[in-house]
Amino acid sequence: VQLQASGGGLVQAGGSLRLSCTISGNIFSSNVMAWYRQAPGKQREFVSLILSDGTPTYGNSVKGRFTISRDNAKRTMDLQMNSLKPEDTGVYYCEAQDLKTMTHYWGQGTQVTVSS
């Protein structure tokens with residue numbers, strides 16, 4: 001199983017970015033996909049997750065600003081990020097958990113930089 005994240009970049013505060021994650025390989029149809037981020041010098045932080053049925057969960061710092069979605073047929077997951085703040089800066093990683101084997105898979109990360 002491989003995950004490929006894309007869509008990062010440089011944006012001014014208040015702007016928007018859309019991240020995408022594509023999953024390839026064999027993963028159980030019941031799975032959880034998620035986004036995490038890591039700022040320089042800080043621990044990796046949970047951003048959002050989405051279940052196979054589309055049920056989302058958000059971290060407190062992004063509620064109301066970010067929207068997670070997935071397309072099971074295309075095997076993709078997106079993160080629409082609006083009203084970006086400098087503190088949203090970091091490397092964003094997509095992650096998938098196979099709920100049959102409980103195995104976690106990680107993508108390579110994509111850099112998001114929000115300037116003030």
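The values are calculated or read from the model by the stated rules, or taken from the named source; none is laboratory data. Keep in mind it's a predicted model, so treat the numbers as computed, not measured. Reconstructed Cβ throughout: ideal geometry from the backbone, glycine too, with neighbour counts over all protein chains shown. Keep in mind that these areas ignore ligands, DNA and RNA; they rest on the heavy atoms of the full protein, side chains included. Shrake-Rupley method; radii C 1.70, N 1.55, O 1.52, S 1.80 Å.
Residues of the stretch 41-55 being within 22 Å of Ser83 (Cβ to Cβ) and exposed (fewer than 14 other Cβ atoms within 10 Å of the Cβ), which ones? Matches in the stretch 41-55: Lys42 only.
Looking across the stretch 79-94, the residues that are open to solvent by less than 40 Å² (accessible area, probe 1.4 Å) and either out of contact with any Phe, Trp or Tyr (no Cβ under 7 Å at 6 or more places or on another chain) or charged (D, E, K, R) (or both) come down to Leu84, Asp88, Thr89, Gly90, Val91. The criterion of being open to solvent by 10 Å² or more (accessible area, probe 1.4 Å), part of a loop (DSSP other than H, G, I, E, B), in contact with a Phe, Trp or Tyr (Cβ under 6 Å, 6 or more places away or on another chain) and not polar (S, T, N, Q) does not hold for Lys63. Within the option set Met81, Met33, Met102, Met77, being free of Cβ contacts under 8 Å to residues at least 24 places away in the same chain and among the hydrophobic types (A, V, I, L, M, F, W, C) holds for one residue only, Met102.
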